[in-house]
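The values are calculated or read from the model by the stated rules, or taken from the named source; none is laboratory data. Bear in mind that the values here come from a model prediction, so they are computed numbers and not experimental data. Cβ: placed from backbone, ideal geometry, glycine included. Neighbour counts: every protein chain shown.
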Amino acid sequence: MNITTVHLVYFSPTGSTHAVLKAIARGLGGLPVREHDLTPPGARDATLSFGPNDLVLLGAPVYYGRIPAPLHGYARLKGARTPVAPVVVYGNREYEDALRELTDVAAAAGFVPVAAGAFVAEHSLNAAMGSGRPDAADREVLCAFGQAVAGKLAAAADADALSPLKITGNTPYRPYGSMPFVPEVTPDVCIGCGACVEACPVGIIEDEHFTVTTPDACLCCMACVKACPVDARGLPAEQTEQLRTRMDALARKCAARREAETFL
Ligand SMILES: Cc1cc2nc3c(=O)[nH]c(=O)nc-3n(C[C@H](O)[C@H](O)[C@H](O)COP(=O)(O)O)c2cc1C
Ligand code: SF4
Ligand code: SF4
């Protein structure tokens with residue numbers, strides 16, 4: 001199969017899914033790489049179309065064992081029997097139905113899943129889980145995965161000649177969860193730069209006082225907190241304490257290092 005361009009298509013509020021896709025692309029042998037960031041709300045309104053000589057690396061983080069809510073029923077990707085490698089990135093707990101769900105999104109959009117993988121990164125709600133990952137060992141595994149995908153595609157006449165993948169996960173997918181935590185702004189510290197407004201994947205931070213307009217729509221993704229250059233955003237003190245208690249218990253249960261799982 002003759003692949004001419006690699007496309008990184010990703011939703012990545014705090015950047016680790018993007019980093020994982022870039023590390024995989026390094027193993028793909030120097031093909032031109034184009035990036036399509038689906039994180040800003042406007043980016044998900046445009047249709048992205050791909051042809052049979054493109055390879056799409058489609059990445060999403062795991063939220064509650066699923067793909068994030070903005071990607072549920074996402075139908076703006078168009079493949080033409082385009083090879084795709086769905087990739088989920090999770091915070092060292094578990095990825096449950098997320099990889100299956102992302103693979104289903106791609107298959108329904110006209111892509112042919114040729115490889116898939118679940119990889120670990122630092123948990124965006126608790127840096128003690130998956131701390132410092134992807135690390136050097138992960139980057140080697142990610143590059144090797146890219147090389148394996150390239151080898152598999154080079155050996156196949158076309159995407160339809162490949163056997164279907166058997167991806168971990170169940171249908172119906174597990175119920176999506178929720179977190180009752182919403183970041184707020186400390187007005188005395190805020191410098192009004194608007195970085196949080198730009199970073200919010202669901203567009204719910206207004207650009208005058210930088211408060212959240214619809215708390216029920218908040219993903220609790222922490223993109224706005226991470227984007228703030230002066231630490232003017234964070235959870236209210238009581239919520240910080242509740243989240244810490246919840247996440248510390250989870251971190252104790254998930255202390256063992258999880259390794260990448262790939263499907264080829
Ligand atoms: C709301 C929420 C739910 C999450 N659920 C899970 C989960 O079920 N399993 C897990 O291991 N990590 C979970 N994580 C951690 C993310 O999957 C992980 O931090 C991922 O690297 C974030 O990707 P990003 O940096 O591209 O945004 C969750 C994070 C958030 C914010
Ligand atoms: S307001 Fe909520 S959804 Fe928006 S960036 Fe902040 S944490 Fe994420
Ligand atoms: S990113 Fe921080 S400093 Fe900039 S507008 Fe938002 S809260 Fe204010």
Which of the residues spanning region 193-235 are in contact with a helix residue (DSSP H, G or I) (Cβ under 7 Å, 6 or more places away or on another chain) and assigned to a loop (DSSP other than H, G, I, E, B)? Cys200, Pro201, Val202, Gly203, Ile204, Asp207, Phe210, Leu219, Cys228, Pro229, Leu235
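Among the residues of region 175-186, is any surrounded by 15 or more Cβ atoms within 10 Å (Cβ to Cβ), within 16 Å of ligand 2 (Cβ to nearest atom) and aromatic (Phe, Trp, Tyr)? Let's see the steps before the verdict.
Initially, region 175-186 is screened for residues surrounded by 15 or more Cβ atoms within 10 Å (Cβ to Cβ), giving 179, 181-185.
The next check asks that each one be within 16 Å of ligand 2 (Cβ to nearest atom); those that pass are 179, 181-185.
Then keep just the ones that are aromatic (Phe, Trp, Tyr); that gives 181.
Yes; the residues of region 175-186 include at least one that is surrounded by 15 or more Cβ atoms within 10 Å (Cβ to Cβ), within 16 Å of ligand 2 (Cβ to nearest atom) and aromatic (Phe, Trp, Tyr).
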Would you call Ala19 assigned to a helix (DSSP H, G or I) and either of a type in the set (Gly, Ala, Ser) or loosely packed, with under 13 Cβ neighbours inside 10 Å (or both)? yes
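Considering Cys220, Cys196, which residue is within 17 Å of the chain's Cα centre (by Cα) and under 27 Å from Ala251 (Cβ atoms)? Working first, answer last.
Working: Cys196 fails: within 17 Å of the chain's Cα centre (by Cα).
When all the criteria are applied, what remains is Cys220.
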Hey, can you tell me all the residues within region 16-43 that are within 15 Å of ligand 1 (Cβ to nearest atom) and without any contact (Cβ under 8 Å) to a residue 40 or more places away in the chain? Lys22, Glu35, His36, Asp37, Leu38, Ala43
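Counting just the residues of region 22-33 that are under 16 Å from Ala144 (Cα atoms) and not in a helix (DSSP H, G or I), which one comes out farthest from ligand 3 (Cβ to nearest atom)? Don't jump to the end; show me each part of the working.
Here is the first cut: in region 22-33, the ones under 16 Å from Ala144 (Cα atoms) are 22-31.
From what is left, the residues that are not in a helix (DSSP H, G or I) are 29-31.
Details: Gly29: 39, Gly30: 37, Leu31: 36 Å.
So the residue we want is Gly29.
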Any residue at all in region 95-114 that's buried (at least 21 other Cβ atoms within 10 Å of the Cβ) and out of contact with any Gly (no Cβ under 9 Å at 6 or more places or on another chain)? yes
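If you take the residues of region 212-249 that are of a type in the set (Val, Ile, Thr) and either in contact (Cβ under 8 Å) with a residue 40 or more places away in the chain or surrounded by fewer than 15 Cβ atoms within 10 Å (Cβ to Cβ) (or both), which of them is nearest to Pro180 (Cα to Cα)?
So the first thing to find is which residues in region 212-249 are of a type in the set (Val, Ile, Thr), and the list is 212-214, 225, 230, 240, 245.
Keeping just the survivors that are either in contact (Cβ under 8 Å) with a residue 40 or more places away in the chain or surrounded by fewer than 15 Cβ atoms within 10 Å (Cβ to Cβ) (or both) gives 213-214, 225, 230, 240, 245.
Working: Thr213: 15, Thr214: 13, Val225: 16, Val230: 24, Thr240: 11, Thr245: 14 Å.
Going through the qualifying residues, I end up with Thr240.
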Taking region 173-223 as the region of interest, how many residues are closer than 20 Å to Tyr64 by Cβ and not aliphatic (A, V, I, L, M)? 17
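Of Gly91, Gly79, Gly51, which residue is surrounded by 24 or more Cβ atoms within 10 Å (Cβ to Cβ) and at negative phi?
Working: Gly79 fails: surrounded by 24 or more Cβ atoms within 10 Å (Cβ to Cβ); Gly51 fails: surrounded by 24 or more Cβ atoms within 10 Å (Cβ to Cβ).
Unique residue meeting the criteria: Gly91.
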Between residues in region 114-135 that are within 17 Å of Tyr63 (Cβ to Cβ) and not assigned by TED's automatic domain parsing to the domain that holds Gly146 and residues that are crowded, with 20+ Cβ neighbours inside 10 Å and modelled with pLDDT of 95 or more, which pairs lie under 8 Å by C-beta distance while being six or more apart or on different chains? none
Members of region 123-152 found to be in a helix (DSSP H, G or I), buried (at least 17 other Cβ atoms within 10 Å of the Cβ) and charged (D, E, K, R), listed by number: Asp138, Arg139
Just checking, does region 153-175 include any residue being part of a loop (DSSP other than H, G, I, E, B), modelled with pLDDT of 95 or more and over 21 Å from Ala106 (Cα atoms)? no
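Scanning region 34-68 for residues that are assigned to a strand (DSSP E or B) and under 12 Å from the mean Cα position of the chain (by Cα), which turns out nearest to Gly169 (Cα to Cα)?
Within region 34-68, the subset assigned to a strand (DSSP E or B) is 34-37, 48-49, 54-61, 63, 66.
With the extra rule that they be under 12 Å from the mean Cα position of the chain (by Cα), the set shrinks to 37, 57-61, 63, 66.
On the way: Asp37: 25, Leu57: 19, Leu58: 17, Gly59: 16, Ala60: 15, Pro61: 15, Tyr63: 14, Arg66: 10 Å.
Going through the qualifying residues, I end up with Arg66.
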